[in-house]
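**Q** Mind looking over this structure? Questions follow.
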Amino acid sequence: MNDLTVRRFRARPPSSQDRVYGFAIAGGIIRAVVADGKGQILGQASEPLNNLDAPHVLHRLLELARVALGRAGLPPAELKAAGVAFGGPVDPERGVTILSPRSPGFEQFPLVALLEEQLRVPTVLENDARAAAFGEAVFGAARGCQTVIYLHLGSGVGGGIIVDGRLVYGATSTAGEIGHMVVTAGGPLCSCGKPGHLEAYVAEPALVARVWEALVISPDDPAHRLLSGPISARVLFERAPESPTIQRVLDDTIQMLGLAIASLITTLNPEAVIIGGPVAEAGSRLLEPLQARVRQYAYPASLRRVRLALAELGPDAPMIGAVALALART
């Protein structure tokens with residue numbers, strides 16, 4: 001994987017005539033696209049994951065690839081490579097998934113070998129957040145940057161780190177698990193069972209749950225009549241000016257996220273920190289107070305060149321990242 005660098009991608013940019021597959025198995029969705037060398041999607045298909053086991057996911061992924069090819073109007077022979085963004089830990093060197101929090105059977109599953117056998121193109125596998133980081137670095141909000149931190153705020157909190165143009169993996173390929181940074185010595189339990197992790201504050205389900213818990217002891221808060229149906233982070237940020245309780249929970253959330261990002265900036269001295277995922281759909285309501293908190297806590301010298309921004313690729317970031325990794329491999 002060490003040859004798949006931002007610097008190499010920019011030094012030898014893919015041709016607009018290149019054609020690659022991009023796959024995503026993440027966020028409860030199976031998705032396949034055919035894209036060109038500029039990251040533009042030419043054809044795509046998707047369907048819900050529905051807790052299918054690994055062999056059935058592979059079968060559906062291959063069928064979606066066929067549909068995406070048909071919509072792009074291309075024969076299989078024109079495709080040069082494939083990239084996969086996977087919502088769970090992976091071993092990119094061996095092309096193996098470690099496990100999936102949503103589907104059984106992905107423990108030590110040789111996804112790359114099986115795809116290469118069927119598609120007959122070189123295939124690269126990456127965790128979805130690391131893929132998104134690479135996508136934002138070559139096609140998105142971090143274009144032109146060599147050291148980038150990407151945070152994905154969704155059902156959990158994932159991350160990807162690029163240092164000097166290279167994705168960082170660490171000794172056990174867990175570098176970038178930003179959601180498990182400790183932001184307080186106490187606090188709510190994370191999904192991993194440990195207390196005080198960032199994910200317990202800023203993952204969308206955790207954020208919504210904390211708002212409802214706070215409203216139980218605030219029976220007169222206007223939020224009781226403002227909130228109905230499915231509640232997203234974006235809705236909470238929109239309603240916060242009318243609800244002291246929601247605003248208080250969001251202030252606490254931004255405080256914790258700001259502490260984590262300030263620590264990352266001070267430690268890694270990046271050029272860009274990019275925020276993606278469903279929570280980022282709150283837009284400036286999230287970004288502006290978060291920028292203030294980061295300025296408050298980060299080491300001043302580390303702030304001189306860093307840019308804190310929302311992801312440009314939106315929910316497509318992991319998919320476009322998989323496409324970028326496939327293009328880098330060609």
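Yes/no matrix, rows are residues, columns are (1) at pLDDT 95 or above; (2) of a type in the set (Asp, Glu); (3) assigned to a strand (DSSP E or B); (4) surrounded by 16 or more Cβ atoms within 10 Å (Cβ to Cβ):
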position	(1), (2), (3), (4)
Ala32	yes, no, yes, yes
Gly43	yes, no, yes, yes
Asn50	no, no, no, no
Ser100	no, no, no, yes
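**Q** So, in the stretch 269-305, how many residues would count as being open to solvent by less than 60 Å² (accessible area, probe 1.4 Å) and over 27 Å from Leu236 (Cβ atoms)? Before the answer, list the steps.
**A** Filtering the stretch 269-305 for residues open to solvent by less than 60 Å² (accessible area, probe 1.4 Å) gives 270-280, 282-283, 286-287, 289-292, 294, 298, 301-303.
Subset that is over 27 Å from Leu236 (Cβ atoms): 270-271, 301-303.
The total comes to 5.
**Q** Follow-up. Hey, can you tell me all the residues within the stretch 1-48 that are in contact (Cβ under 8 Å) with a residue 24 or more places away in the chain and among the polar types (S, T, N, Q)?
**A** Residues satisfying the conditions are Asn2, Thr5, Gln44.
**Q** Among the residues in the stretch 91-104, are any under 23 Å from Asp36 (Cβ atoms), touching a strand residue (DSSP E or B) at 6+ places or on another chain (Cβ under 8 Å) and among the small types (Gly, Ala, Ser)?
**A** Narrowing the stretch 91-104 to residues under 23 Å from Asp36 (Cβ atoms): none.
No - not one qualifying residue is present in the stretch 91-104.
**Q** Kindly establish whether Ala77 is closer than 19 Å to Ala326 by Cβ, open to solvent by 10 Å² or more (accessible area, probe 1.4 Å) and without any contact (Cβ under 8 Å) to a residue 12 or more places away in the chain.
**A** On the way: closer than 19 Å to Ala326 by Cβ: yes; open to solvent by 10 Å² or more (accessible area, probe 1.4 Å): yes; without any contact (Cβ under 8 Å) to a residue 12 or more places away in the chain: yes.
Yes: the conditions hold for Ala77.
**Q** I need every pair where a residue in the stretch 311-326 that is farther than 20 Å from Ser15 by Cα has its Cβ under 6 Å from the Cβ of a residue that is of a type in the set (A, V, I, L, M) and open to solvent by 20 Å² or more (accessible area, probe 1.4 Å), sequence separation at least 6 or different chains.
**A** Filtered contacts from the stretch 311-326: Ala317/Ala311; Pro318/Ala26.
**Q** Among the residues of the stretch 306-326, which ones are closer than 16 Å to Ile41 by Cβ and open to solvent by 20 Å² or more (accessible area, probe 1.4 Å)?
**A** Step one: list which residues in the stretch 306-326 are closer than 16 Å to Ile41 by Cβ, which gives 312-326.
Residues satisfying the conditions are Glu312, Leu313, Gly314, Pro315, Asp316.
**Q** A follow-up question, please. Does the stretch 11-30 contain any residue that is surrounded by fewer than 18 Cβ atoms within 10 Å (Cβ to Cβ), of a type in the set (D, E, K, R) and over 15 Å from Leu325 (Cβ atoms)? Before the answer, list the steps.
**A** Step one: of the stretch 11-30, the residues surrounded by fewer than 18 Cβ atoms within 10 Å (Cβ to Cβ) are 11-13, 15-17, 28-29.
If we keep only those that are of a type in the set (D, E, K, R) as well, we get 12.
Among the residues that remain, those that are also over 15 Å from Leu325 (Cβ atoms) are: none.
No - not one qualifying residue is present in the stretch 11-30.
**Q** Counting only residues that are of a type in the set (Ser, Thr, Tyr), give me the helices (runs of 4 or more DSSP H) lying completely in the stretch 193-277 with at least 2 of them.
**A** Numbers: elements: 199-202, 204-216, 223-226, 233-239, 244-268.
Filter on the stretch 193-277 gives 244-268.
**Q** Now for a different question. Quick one: what pairs do we get from the stretch 62-73, first residue at negative phi, second open to solvent by 60 Å² or more (accessible area, probe 1.4 Å), C-beta under 7 Å, 6+ apart or different chains?
**A** Final answer for the pair search is Leu62/Gln118; Leu64/Ser46; Ala68/Gln44; Leu69/Pro76; Arg71/Gln44; Ala72/Leu42.
**Q** When you go through Leu115, Leu62 one by one, which is the residue that is surrounded by 21 or more Cβ atoms within 10 Å (Cβ to Cβ) and part of a helix (DSSP H, G or I)?
**A** Details: Leu62 fails: surrounded by 21 or more Cβ atoms within 10 Å (Cβ to Cβ).
Result of the check over Leu115, Leu62: Leu115.
The values are calculated or read from the model by the stated rules, or taken from the named source; none is laboratory data. All values reported here derive from a predicted model rather than from experimental measurement. Reconstructed Cβ throughout: ideal geometry from the backbone, glycine too, with neighbour counts over all protein chains shown. Each accessible area value is taken on the protein alone, full model and side chains, heavy atoms only, with ligands, DNA and RNA left out. Shrake-Rupley method; radii C 1.70, N 1.55, O 1.52, S 1.80 Å.
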